[in-house]
Amino acid sequence: MNDCRGELLERVRRGLAAERDRLALDAHLRCCEVCRLTSEIAGDFDAEGEAAPNDAELVTRLAARARAAYAAQAAPPRRFTRLRRAAPLAIAAMVLSGLAAGAFALQQRAAEIVPPPDAPSEAAEARSVAQERATGTSGRGDAPAVEDTEPLPQDVPASPPQPAAGPSEAPLPSASALYKLANEARRQGNRKTAMARYRTLQRRFPGSPEATLSRVSLGGLLLDSGATADALAQFDGYLAGGDRRLVPEALFGRGRALERLGRRAEEAHNWQRLVSTYPRSAYATHAKRRLQELQ
Amino acid sequence: MAKPALKLVRPSPVGAAPDPLRALASRAAEGDGDAIHALVMELGAGMLRTVRKVLGAQHPDAEDVTQDAVMGFVGGLARFRGECTVAHFAHQVALKRALHARRHFTTRDRVGEVDADIEERGVARGGSPLDAAISRERRRIVRELLSRLPEPTAEALALHFMLGYTVEEIAAVSEISPNTVWSRLKLGKRALKEALSRDRRLAELLREKLS
């Protein structure tokens with residue numbers, strides 16, 4: 001029972017396949033029973049990977065319990081049944097950490113699904129970190145003006161040429177390096193640093209693919225921090241561009257922003273667009289639920 | 001047909017891109033509370049989805065099993081040797097815990113109840129109620145089979161069908177050769193094909209669809 005085109009099936013399943021690959025797979029599935037069965041069963045289970053509305057809170061609880069169990073104890077509990085007895089501590093930790101996590105986990109998932117388009121090498125990253133330390137900046141908007149005029153490294157994609165004005169030998173972080181640094185800060189929970197780096201990326205490399213993608217990540221962080229209007233502007237900015245990779249995530253964030261702003265008609269239209277365009281996305285269930293509530 | 005060339009998506013460190021979570025995982029392994037928290041925030045949702053795929057989308061024990069998996073994952077970081085990415089490691093732990101939990105459930109009928117939501121989703125996304133019922137039956141058969149198969153075979157099959165791992169990714173997370181993965185998948189798929197062909201309810205539904 002060979003899985004003769006398994007690699008093609010996985011590419012399609014992950015959304016990494018080109019249109020010609022899809023056509024090739026469709027043609028193959030019509031004549032190969034084994035691959036057809038594999039494809040059908042894979043599809044059956046993919047439907048169960050959808051996110052639920054309360055997942056972010058649940059993950060926050062899991063994280064708080066894990067921290068409480070492992071950071072505070074030399075010998076961690078072996079089973080969850082013991083851990084549950086420590087629930088008050090976990091709940092307290094959760095409350096302290098706040099419910100602001102919101103859809104943070106979902107946003108992170110988006111970054112997990114779509115890696116940076118041009119991940120920098122370790123050397124490039126090291127250069128960018130060294131540069132950051134050397135200039136004392138964290139990517140904040142108040143960075144020294146000289147940084148904006150330093151020569152860019154060669155690996156900066158699609159960024160406008162900038163004149164060299166400073167004598168510094170350290171290269172400016174590339175768009176991909178900045179994007180990676182911002183993502184790392186976000187993953188480590190350094191939300192302010194992450195937001196500052198995303199903003200720097202957008203200011204310095206406004207036309208780069210990384211700046212475009214960063215709008216979704218920054219939008220999520222802004223939404224969680226209560227800056228709803230700014231978040232909406234970020235999501236709108238992404239959707240106005242040509243990139244399609246994070247459209248479901250951008251629509252999800254935009255819908256939540258509109259919900260908080262009380263713009264019900266626009267919110268309903270947004271969810272309708274998500275459901276009709278991406279019916280299999282992880283956010284479709286949430287969108288349908290909101291549509292029902294809005295009726 | 002011949003086996004495909006095993007040249008696709010290889011998890012780090014075999015691949016070129018460094019694992020973005022490796023440094024965070026190292027800190028978490030040393031007991032850094034912030035790192036543990038950040039790591040679970042990053043990977044917890046994926047682990048939860050993995051558990052749901054094995055148990056059923058709204059299984060009442062999904063949170064408990066996921067919590068157990070998270071504890072196993074964090075506790076296992078000290079022994080993690082980097083044969084695969086941290087994310088793959090986390091998902092594998094979640095899958096193993098969920099498979100183990102499923103084998104030990106005494107109230108298996110509870111699993112059946114919670115699939116109704118998935119069926120509704122299937123209908124809502126454009127499939128017919130009959131298609132949704134067929135999909136539900138196939139999931140039930142796969143899950144029952146996973147509980148009966150030898151654990152290594154069940155794990156390979158679940159990683160492939162439920163998480164969409166390639167042969168090489170399964171080999172990396174399980175620390176076995178791709179040929180061994182191929183053998184296990186072959187055995188598992190053969191057993192699955194037999195189970196599907198023997199199931200009366202599914203056969204009736206398929207007949208109904210053809211008629």
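For the range B:172-196, name all the residues that are surrounded by fewer than 24 Cβ atoms within 10 Å (Cβ to Cβ) and small (Gly, Ala, Ser).
Across the range B:172-196, the qualifying residues are B:Ser174, B:Ser177, B:Ser183, B:Ala191, B:Ala195.
For the subset of the range B:151-189 comprising residues that are hydroxyl-bearing (Ser, Thr, Tyr) and within 11 Å of chain A (Cβ to nearest Cβ), which member is nearest to B:Arg97 (Cα to Cα)? Write out each step before concluding.
Narrowing the range B:151-189 to residues hydroxyl-bearing (Ser, Thr, Tyr): B:153, B:165-166, B:174, B:177, B:180, B:183.
After this cut, where a residue has to be within 11 Å of chain A (Cβ to nearest Cβ) as well, the list is B:165-166.
Details: B:Tyr165: 17, B:Thr166: 21 Å.
The extreme case among them is B:Tyr165.
Mind listing just one residue for me: the one in the range A:256-277 that is surrounded by fewer than 24 Cβ atoms within 10 Å (Cβ to Cβ) and either within 17 Å of the chain's Cα centre (by Cα) or over 20 Å from A:Gly219 (Cα atoms) (or both) and, of those, nearest to the other protein chains (Cβ to nearest Cβ)?
That would be A:Val275.
For the range B:134-149: of the residues being within 14 Å of the chain's Cα centre (by Cα), surrounded by 20 or more Cβ atoms within 10 Å (Cβ to Cβ) and hydrophobic (A, V, I, L, M, F, W, C), which is farthest from the other protein chains (Cβ to nearest Cβ)?
Looking at residues that are within 14 Å of the chain's Cα centre (by Cα), surrounded by 20 or more Cβ atoms within 10 Å (Cβ to Cβ) and hydrophobic (A, V, I, L, M, F, W, C), I get B:Leu146.
Pairs please, first residue from the range B:129-141 and without any contact (Cβ under 8 Å) to a residue 24 or more places away in the chain, second anywhere and among the small types (Gly, Ala, Ser) and in a helix (DSSP H, G or I), Cβ atoms under 6 Å, 6+ apart in sequence or on different chains.
Once the first residue is without any contact (Cβ under 8 Å) to a residue 24 or more places away in the chain and sits in the range B:129-141, its partners that are among the small types (Gly, Ala, Ser) and in a helix (DSSP H, G or I) give B:Ala132/B:Gly122; B:Ser135/B:Gly122.
Run A:Gly242 past the list (1) assigned to a loop (DSSP other than H, G, I, E, B); (2) in contact with a Gly (Cβ under 7 Å, 6 or more places away or on another chain) and report the number of the one that doesn't hold.
In the conditions (1) assigned to a loop (DSSP other than H, G, I, E, B); (2) in contact with a Gly (Cβ under 7 Å, 6 or more places away or on another chain), A:Gly242 misses (2) alone.
Among the residues of the range B:18-57, which ones are facing chain A (nearest Cβ under 8 Å) and outside any helix (DSSP H, G or I)?
Across the range B:18-57, the qualifying residues are B:Pro18, B:Pro20, B:Leu21, B:Gly31, B:Asp32, B:Gly56, B:Ala57.
The rows are residues; the columns are (1) closer than 14 Å to B:Gly46 by Cα; (2) of a type in the set (A, V, I, L, M); (3) modelled with pLDDT of 80 or more; (4) part of a helix (DSSP H, G or I).
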| position | (1), (2), (3), (4) |
| --- | --- |
| A:His28 | no, no, no, yes |
| A:Arg36 | no, no, yes, yes |
| A:Ile41 | no, yes, yes, yes |
| A:Asp44 | no, no, yes, yes |
| A:Arg61 | no, no, yes, yes |
| A:Arg65 | no, no, yes, yes |
| A:Ala74 | no, yes, no, no |
| A:Pro77 | no, no, no, no |
| A:Arg82 | no, no, no, yes |
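The values are calculated or read from the model by the stated rules, or taken from the named source; none is laboratory data. All figures in this text were calculated on a predicted structure; none of them were measured in a lab. Reconstructed Cβ throughout: ideal geometry from the backbone, glycine too, with neighbour counts over all protein chains shown.
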